[in-house]
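Each value in this text was obtained by applying a stated rule to the coordinates, not by laboratory testing. What you are looking at is a predicted structure, and each value in this text was computed from that prediction instead of being measured. Using ideal geometry, Cβ is built from the backbone for each residue, glycine included, and neighbour counts are taken over all protein chains shown.
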Amino acid sequence: MAKVCAVTGRGQVSGNKRSDSLRATRRKWNVNLQKVKVVVDGELKTVKMSTRALKTLKAQASK
C-alpha cells in the first residue's frame, strides 16, 4: 500500500530542510498512518488512516 490516508487522501509532502547556514536540501514529511479496523459496507476492514482523520472520526462518532 502507498503512504496515503484511505479516508482523506493525504500523502507525504516534500520541501526543504534548512541548516543553520540556511543551505537547502530536499526532505519529506510523511503522514502519520495507523492501521485501523473500520466497518465498511457492513464488514470489518483494516485500512491505513492518518491520525488526524482518526481523531476527527472519533469526535464525530461521540456526538
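Each peptide in 20-31, 49-60 receives the mean, over its residues, of other Cβ atoms within 10 Å, and ordering these scores from highest gives 49-60, 20-31. Under a model in which nothing but the beta-carbon of Lys, Arg (+1) and Asp, Glu (-1) is charged, the chain shows a dipole of about 320 debye around its Cα centre. Helix 51-62 and the long axis of the chain differ in direction by around 30°, with both axes built from C-alpha atoms.
Rounded to the nearest Hz, the phi-derived 3J(HN,Hα) couplings of segment 21-37 under the Karplus curve 6.51 cos²θ - 1.76 cosθ + 1.60 (θ = phi - 60°) are 8, 6, 5, 9, 10, 6, 8, 10, 10, 8, 6, 7, 8, 10, 7, 10, 8, where x marks glycine and proline.
Adding -39500 (n - 2.57) for every DSSP H run of four residues or longer, then dividing by how many residues the chain holds, sets the calculated 222 nm ellipticity at -6000 deg cm²/dmol.
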